[in-house]
1. Quickly run through segment 13-38 and pick out the residues that are without any contact (Cβ under 8 Å) to a residue 12 or more places away in the chain, within 29 Å of the chain's Cα centre (by Cα) and not in a helix (DSSP H, G or I).
2. With the requirement that a residue be surrounded by 14 or more Cβ atoms within 10 Å (Cβ to Cβ) and part of a helix (DSSP H, G or I), what does segment 40-61 give you?
3. Write out, first by first residue and then by second, each pair whose Cβ atoms fall under 7 Å of each other, whose residues are 6+ apart or on separate chains, and whose first residue, in segment 39-60, is over 17 Å from LEU29 (Cβ atoms) and in contact (Cβ under 8 Å) with a residue 40 or more places away in the chain while the second is of a type in the set (S, T, N, Q) and assigned to a helix (DSSP H, G or I).
4. Might you check whether a residue that is under 20 Å from the mean Cα position of the chain (by Cα) and of a type in the set (Val, Ile, Thr) occurs anywhere in segment 43-52?
Amino acid sequence: MLKQRRNTERQIALFLLGGVMLVPPVLVLFNHPDRVAGIPSLYLYIFLVWTGLIGFTLAITRRMRLDELAARENRQADVEPLAPASVDGHADA
């Protein structure tokens, strides 16, 4: 449960970070005529932020999936298998 809460907090933090990085007052900082490798700096900034957000989202979702698989394996390991029953319905001892 704690890991699920952490992953939810990470998703919310990533959403807020993306929102802050793409608001007009921040975009104005990169809106000037300079170019990097022929690409306007504003376009490069937006593309890099977008790519970074996708990468972080991928990392968070992979971690969530791994956590879910580990929790599922732990639950299965906690359940002990039943002893096989013989033909007459009694467990072999």
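FYI, it's all coordinate maths here, none of it is from the lab. Keep in mind the model is a prediction, meaning the values are calculated, not measured. No Cβ is skipped: glycine too gets one built from the backbone with ideal geometry, and neighbour counts run over all protein chains shown.
1. VAL23
2. First pass over segment 40-61, keeping only residues surrounded by 14 or more Cβ atoms within 10 Å (Cβ to Cβ): 40-42, 44-46, 49, 52-53, 56-57, 60.
Within segment 40-61, SER41, LEU42, LEU44, TYR45, ILE46, VAL49, GLY52, LEU53, PHE56, THR57, ILE60 meet the criteria.
3. ILE60/ASN7; ILE60/GLN11
4. Yes, there is a match, as at least one residue in segment 43-52 is under 20 Å from the mean Cα position of the chain (by Cα) and of a type in the set (Val, Ile, Thr).
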